[in-house]
Amino acid sequence: MQKRNVNLDFIKAVAIIFVIAIHTLAPALSQYTIGSKKFLLISFYRSIVSPAVPLFFMCSGALLFDTKKIISIETIFKKYIKRVILALFFWAIIYEMIQL
């Protein structure tokens, strides 16, 4: 059994907080006039937390690829990307059906 990577856990925890901040700050941006001090402050905060999704992708990549195991590009496309595309289409159909 592999040991947990505490560094990745920390990065994911920070990314979770960043995602919450992004969703919390989004409605606040529309309440202020463009160029006002509050608008600029919220925009500044959003720019700080914007790496949230890339952080999750980097953590996933770090966990996906084991340095001791060699994975071919063909395996990546057949196994991993296929699952991501299937999930994407599944949720796209669900969202289209309920018109979100």
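Structural remarks
- Residue pairs whose Cβ atoms lie under 7 Å apart, separated by 6 or more positions or on different chains, with the first residue in region 25-41 and loosely packed, with under 11 Cβ neighbours inside 10 Å and the second modelled with pLDDT of 90 or more and not small (Gly, Ala, Ser), are Thr33/Phe39.
- Condition met for Ile94 (in a helix (DSSP H, G or I), surrounded by 10 or more Cβ atoms within 10 Å (Cβ to Cβ) and more than 16 Å from the chain's Cα centre (by Cα)): yes
The values are calculated or read from the model by the stated rules, or taken from the named source; none is laboratory data. These figures come from a predicted structure and were not determined experimentally. Cβ atoms come from the backbone with ideal geometry, glycine included; neighbour counts cover every protein chain shown.
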